[in-house]
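Notes for the one structure printed next.
The values are calculated or read from the model by the stated rules, or taken from the named source; none is laboratory data. Because the structure is predicted, anything quoted here is derived from the model rather than measured. Here the Cβ positions follow ideal geometry from the backbone for every residue, glycine too, while neighbour counts run over all protein chains shown.
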Amino acid sequence: MTTRRELPESPYLAAIAGRTPSHTPVWFMRQAGRSLPEYRALRANHRMLDACFDPALVTEITLQPVRRHHVDAAILFSDIVVPLRGAGIDLDIVPDVGPVIANPIRTAADVAGLRPLEPADVAPITEAIGMLVGELGAVPLIGFAGAPFTLASYLVEGGPSRHHERTKAMMHGEPDTWHALMAALTDITIAFLQTQVAAGVDALQLFDSWAGTLSLTDYRRYVLPHSARVFDALAPAGVPMTHFGVGTAELLGAMSEALGPIPAGMVGVDWRTALADAAVRVGPGRALQGNLDPVVLLAGWEVTQHAARAVLDDARAARAAGATGHVFNLGHGVLPSTDAGLLTDLVALVHSL
C-alpha cells in the first residue's frame, strides 16, 4: 500500500476534519469536464470510457481544473460505471444519453453471473493515481465511486431512467434478488475504493446520484445497510469520506448515519436544501459540502457572486446549528455550458471571503 501523504495545510482536509482552514475550501463536481475548452480538445479523439482507462489522459484531465481554477482539491477523472466495466459488464457511455448496459440485470441468475472486481481490472486507474499524487503537490486527490443503489439502477434499467420502474419493481417484488444484487455491487464498490486508497488518494466520495427517488422508509430498508457497509469497510483506511446524492433532503439523516463513526465524515447537500436545515437533519459532528445551484452560473457574474455569498452566509448558520465545517461546491455537477472563466472567478471570490 502507498504511504499516506501528509497534507497538514490542506483547507479541504481541514474542513472535513472539523479543523479551521486558512480559507473556505472549494472544488466543483464535474470540474474536469465539458466546461473546459482544453478538455473538449482532448476528448475530441477519445471515447469517454477509453479516456477513463488511459492513465495519461486521466492524469491530464484531472489536473486541468486545478491549473485553471486553483481549486482546493482534485477529483479523479473517471465515471461511476468504470468498476462495472472492469468487472466485465458489457456497457458503454453513449454521448448525450449516459451509461447503456448491453445485457441488463433482471433475474437472480443474472445476479449470480456477476463477478468480483480485482485490482488488475482497474490497473490503469491505479497507475493514473500514482502519477497524480506526484503531480499535485499539496493539493489533495479525491477518489470516488458510485453507490450500490445508483449502480443497481443503471444495471436493472439498462441505462438512465426517469422513474426507475424496473429497479423499484425488483426492490419491492423480488427482495432476495435485490439484496443479492446490492451485496454484489457493494463488494465491487468496496474493492474499487480500496484500490484507489492503496494507490494514494487522499479522500473519498460516494455518489448516490439516484437515491433521491426513494422514500426514507425504502432507503432505510433497501439501501442503507449496503451503503453503510461500504463506509464501514473503508473506515480502517483513515481517509476522509463524503456521502452525496441528489434530491436527498429527506434522506440526509440516514445518509449521515451510513457514514458511521468515522472522525472525518461529510455529507454533500444539493441546492434544494439550505445548509442550515441540512445541518439539523444530518446531526452534529459532520461537515457539509455544497450547495450553489449549477444553473445560477449561467446567469452571469453578478447573480453568481450574490448567490455564492448567500451560500457562505448559510454555511455560517449551519455551523451554528452543529456542522463542523464547510466545503464550498455546487449542488450537483458543473453544466457543460458554464463559462470556465466565471468558475475561476468564483473560486477566487470564495477564497477571499
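Side notes on the structure shown:
- Selection within the range 238-252 - in contact with a helix residue (DSSP H, G or I) (Cβ under 7 Å, 6 or more places away or on another chain) and surrounded by fewer than 18 Cβ atoms within 10 Å (Cβ to Cβ): Gly247, Glu250
- No other residue among Ala254, Ala235 is within 18 Å of Tyr219 (Cβ to Cβ) and of a type in the set (Gly, Ala, Ser) apart from Ala254.
- Of all residues making up the range 301-351, the number that are without any contact (Cβ under 8 Å) to a residue 24 or more places away in the chain, among the small types (Gly, Ala, Ser) and either outside any helix (DSSP H, G or I) or farther than 15 Å from Asp270 by Cα (or both): 1
- Under the condition of being among the β-branched types (Val, Ile, Thr) and touching a helix residue (DSSP H, G or I) at 6+ places or on another chain (Cβ under 8 Å), the residues counted in the range 214-232 number 2.
- Selected residue (criterion: modelled with the lowest pLDDT) from residues of the range 157-185 that are in contact with a strand residue (DSSP E or B) (Cβ under 9 Å, 6 or more places away or on another chain) and not in a loop (DSSP other than H, G, I, E, B): Glu157
- Among the residues making up the range 280-293, a single one is surrounded by fewer than 19 Cβ atoms within 10 Å (Cβ to Cβ) and in a helix (DSSP H, G or I): Val280.
- Selected residue (criterion: surrounded by the fewest Cβ atoms within 10 Å (Cβ to Cβ)) from residues of the range 77-115 that are more than 22 Å from the chain's Cα centre (by Cα) and part of a helix (DSSP H, G or I): Ala109
- Put simply, of Pro263, Pro225 the only residue that is surrounded by fewer than 24 Cβ atoms within 10 Å (Cβ to Cβ), out of contact with any Cys (no Cβ under 9 Å at 6 or more places or on another chain) and either small (Gly, Ala, Ser) or not in a helix (DSSP H, G or I) (or both) is Pro263.
- Arg34 in contact (Cβ under 8 Å) with a residue 12 or more places away in the chain, of a type outside the set (A, V, I, L, M, F, W, C) and touching a Gly at 6+ places or on another chain (Cβ under 8 Å): no
- Restricted to the range 26-45, and to residues there that are assigned to a loop (DSSP other than H, G, I, E, B), farther than 22 Å from Ala145 by Cα and not polar (S, T, N, Q), the residue that is nearest to the chain's Cα centre (by Cα) is Leu36.
- Selected residue (only one of Asp277, Asp293 is among the acidic types (Asp, Glu) and within 18 Å of the chain's Cα centre (by Cα)): Asp293
- Scope the range 140-162; condition touching a helix residue (DSSP H, G or I) at 6+ places or on another chain (Cβ under 6 Å) and aromatic (Phe, Trp, Tyr); matching residues: Phe149
- Every pair of residues 6+ apart whose Cβ atoms lie under 7 Å, when the first sits in the range 58-74 and is within 22 Å of Thr126 (Cβ to Cβ) and among the charged types (D, E, K, R) while the second is modelled with pLDDT under 95 and assigned to a helix (DSSP H, G or I): Glu60/Leu42
- Qualifying residue in the range 204-221 (condition: farther than 23 Å from Leu181 by Cβ and out of contact with any Pro (no Cβ under 7 Å at 6 or more places or on another chain)): no
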